[in-house]
Amino acid sequence: MNRCAQLTFAATVAATLAALAPAPASAQATATDGQTLQRNFPKEALRGNIVFFAPPAIALNGVNTQMAPAYRIHGTNNMLIMSGQLNGLKATVDYTTDVQGAVREVWILTPAEIARTWPTTAAQAAAWTFDAIAQTWTKP
């Protein structure tokens, strides 16, 4: 029995599987001109100011509250951040809530994203018009 042939076959299979495996995805895509592409926020997201405390405690717009059980926090590069790393951080964010009103998803904003107009209350979001492709809100 030729053991070298078995080893060569195993190495070939391993190399083929490695070549077919998908490359790790980039957290934020880059346009051909070198500019970073915009992140897409859901229409339900609202703008607010957040202060992170020991997880899951936060202060959102000056009101002490908690994050939802399955919350996610996205950094400025859109990578997920562990909340323990953020203790004491104050930031401007876009956020969504669950049906009970707990904060479910948070995006820490870049200065360019902060400069865009975004609703801070559900009443504003209901009255304004949202363009999902351009990620812009238009006031009436």
**Message:** Going residue by residue through segment 27-47, is there one that turns out to be modelled with pLDDT of 90 or more, more than 11 Å from Trp107 (Cβ to Cβ) and polar (S, T, N, Q)?
**Reply:** no
**Prompt:** Does segment 117-137 contain at least one residue that is part of a loop (DSSP other than H, G, I, E, B), touching a Pro at 6+ places or on another chain (Cβ under 7 Å), on the phi < 0 side of the Ramachandran plot and of a type in the set (Phe, Trp, Tyr)?
**Reply:** yes
**Asked** Is one or more of the residues making up segment 123-139 open to solvent by 20 Å² or more (accessible area, probe 1.4 Å), more than 18 Å from the chain's Cα centre (by Cα) and closer than 19 Å to Val51 by Cβ?
**Response** no
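Among what's in segment 52-105 and is charged (D, E, K, R) and not in a loop (DSSP other than H, G, I, E, B), pick the residue that is surrounded by the fewest Cβ atoms within 10 Å (Cβ to Cβ).
Within segment 52-105, the first condition is being charged (D, E, K, R), and the residues that meet it are 72, 90, 94, 98, 104-105.
Going one step further and asking which of them are not in a loop (DSSP other than H, G, I, E, B), we end up with 72, 90, 94, 104-105.
Values: Arg72: 14, Lys90: 10, Asp94: 23, Arg104: 18, Glu105: 21.
Among those residues, the one meeting the criterion is Lys90.
The values are calculated or read from the model by the stated rules, or taken from the named source; none is laboratory data. Predicted, not measured: the structure shown is a model, and the values here were computed from it. Please note: Cβ atoms are built from the backbone with ideal geometry, for glycine as well, and neighbour counts cover all protein chains shown. Just so you know, the surface numbers come from the protein's heavy atoms only, side chains and all, with ligands and any DNA or RNA stripped out. Shrake-Rupley method; radii C 1.70, N 1.55, O 1.52, S 1.80 Å.
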